[in-house]
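Reading through the structure tokens given below for one structure.
The values are calculated or read from the model by the stated rules, or taken from the named source; none is laboratory data. Keep in mind the model is a prediction, meaning the values are calculated, not measured. When we count neighbours, we look across all protein chains shown, and the Cβ atoms used for this are built from the backbone with ideal geometry, even at glycine. Quick note on the areas: whole protein, heavy atoms, side chains included, nothing else; ligands and nucleic acids left out. Shrake-Rupley method; radii C 1.70, N 1.55, O 1.52, S 1.80 Å.
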Amino acid sequence: SDHMENIYGYLMKYTNLVTGWQYRFFVLNNDAGLLEYFVNEQSRHLKPRGTLQLAGAVISPSDEDSHTFTVNAASGEQYKLRATDAKERQHWVSRLQICTQHHTEAIGKNNPPLKSRSFSLASQGSCNSPGVQRRPSQNAISFFNVGHHRSSSGKRVPILQPDHLVDVREMMSQAEGQQRDLIRSIECLPVSGHLTSLDQDLLMLKATSMATMNCLNDCFHILQLQHASQQKGSLPAGTTISWLEPKISLSNHFKNGAAQSFSAEINKPASVREEQSISEPSQLTREAEEINPDEELEDISDDKEDDLGAVEEQRSIILHLLSQLKLGMDLTRVVLPTFILEKRSLLEMYADFMSHPDLFLAITNGGSAEERMIRFVEYYLTSFHEGRKGAIAKKPYNPIIGETFHCSWRMPKSKVGAEAGGDAPAPSSSEQVTPAKDLEGQTELDYYTVKFVAEQVSHHPPVSGFYAECVERKMCVNAHVWTKSKFLGMSIGVTMVGEGLLSLLEHGEEYTFSLPCAYARSILTVPWVELGGKVNINCAKTGYSASINFHTKPFYGGKLHRVTGEVKQNATNTVVCRVQGEWNSLLEFTYSSGETKCVDLTKLSVTRKRVRPLEKQGPFESRRLWQHVTESLRDGDIDKATEHKRALEERQRSEERLRAETETPWCTKYFLKEGDGWVYHKPLWKTLSPVQTQQMDSN
């Protein structure tokens, strides 16, 4: 209350592209919960030029400079403001946040409850459902009647009977269904009129109902753990525990990948039930599988993420989500709404970074250590453009633990051979990259094959491992990445923690590299992706290194997606190559000889990856695992996509709980833990014998 005084003063307000920033006189009215502004202080006695209701608003300091901040009202209106310095910004932001919190909390205390108003949402079709009709045994007393048995110490220990837990689970399933119906009814309301989807009472009802269900689920999980601990060690393998779900064998719980459904809703679509339960024992094996590239077909899917419709329609949900977040909050465990998802898994996104296999294979053709480092830098910088699908920033699916993705590329040898030539001068900017040839009818001797495999090796923290190799070229790349997401106000930042290793076995060289940070900007309007940070590439054997800077756009002026870098010989500290440009359009390489080469990324040919058809994929391969979510997103059915996504996430949580209860460690399929990193179980540097290397050299 000491900080609830009214404050006023001049701030700069961004109006539009034409008029830009203008000084306006702002007044924070704490009593009314309003932020008002006037043309100047002298006109303060007149009607305000603009007013924002602060209840339910989001106050966000900008991550682009130390002076700017935004005020996002629950109505969707936004003020973009700038103080004279960082201290003044902090003063305004803290006072606005205090006022916002005070009036948001007051809504629930002072406003009449929904039942006293002239409308009802909960009664629209949900109360007549069979789930609401209680059985005679479903009452509070019967749920909490407990039996007792005496422990070895003589104390009476309460025991929850299995049938009680079944009843609780059924009632919770009914409550979850009604809560989903409620949310759906609120979101279907118009954005304007007497009752809108942005009504403050309804926004609070959505948040509190979700929090209540989460709390109940946590409590139910505690009851399950209590019962499991009482039963642990007393049941033989194969015993059926009926209170978890009918006919689930205990022996199956000890297998990684076992799936169980904790829902008793029998009216779910077959595809959802399939996602929640995998019954074939052969599908539960975690042994590594050799993928035959001949079974893979050229990928014909083209899911460009240029549709902003769903994001604009669901802006109120984004606003509500933002109101629950704090600056710097770790988003690893935050469930984001389905409509902002890409139609692919994060594991497949890593594969799309390999969409220029010709440049990858050409690295080892370099006639000198210097040229090989430069070629690697060129390949590295061209990989990010194709990794993004479309101009709109959307989020790939979070892989579930044990998920894998396999693919390969075929590259005509004649095309890669054209890149060879030792110390040949860099090609001129007028040279065009020709499209990849049609490989139909060509024999295996006519093309190189690059194989790729990725696996989600850890859930908390979320770590992915991926590996690619070309046996004929005696080169492979191994990497592990831990994605850490943070809320930054009007942006979301993703730090890619981890390291990659490129091995050129023909030359006995290893190149270590890191990855830049990624930022989703303007998440309330048209979200877009920006890369930022410094990455390093090093080769200890040759003494060459590269330093690359991905520049984020400054608030005033400057270009988007700018990147600069240089390649050095460490012993002499000599710069042998400089690069500048944009990582998604045009890059210019300048060599120590004075020659230059321009690479237009928009004109580079993209080699389509080859993927096995869904019917030949295992149940934990990305495309088959997420197929129903992807199909629903393509059809524009967000509700169905959310249902399928929730089923997968619940299955993962259930498996994680069972492993914790049975103290069963998770075993990975393709990657092994080595120190702080993860390494492919059969890397080329282990499987390729010296004799094979010599034979390939002679060829």
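Some values worked out for this structure:
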item	result
Accessible solvent surface per residue of segment 574-699, calculated while the other protein chains remain in place, 1.4 angstrom probe, Å²	50 Å²
Binned Cα-Cα distances of segment 588-660, short to long, each 10 Å bin given as a whole percent	15, 24, 23, 14, 14, 9, 1
Net dipole in debye of segment 31-93 [+1 Lys, Arg Cβ; -1 Asp, Glu Cβ; about Cα centre; nearest 20]	200 debye
Of Lys415/Lys603; Lys394/Lys645; Lys343/Lys669, pairs whose Cα-Cα distance is over 22 Å	Lys343/Lys669
Protection-proxy order for peptides 636-642, 362-368, each taking the mean of Cβ atoms within 10 Å per residue, highest first	362-368, 636-642
Accessible carbon and sulfur surface of segment 7-108 relative to its total accessible area, %, 1.4 Å	50 percent
Over segment 7-108, equivalent-ellipsoid semi-axes from the Cα gyration tensor in Å	20, 17, 13
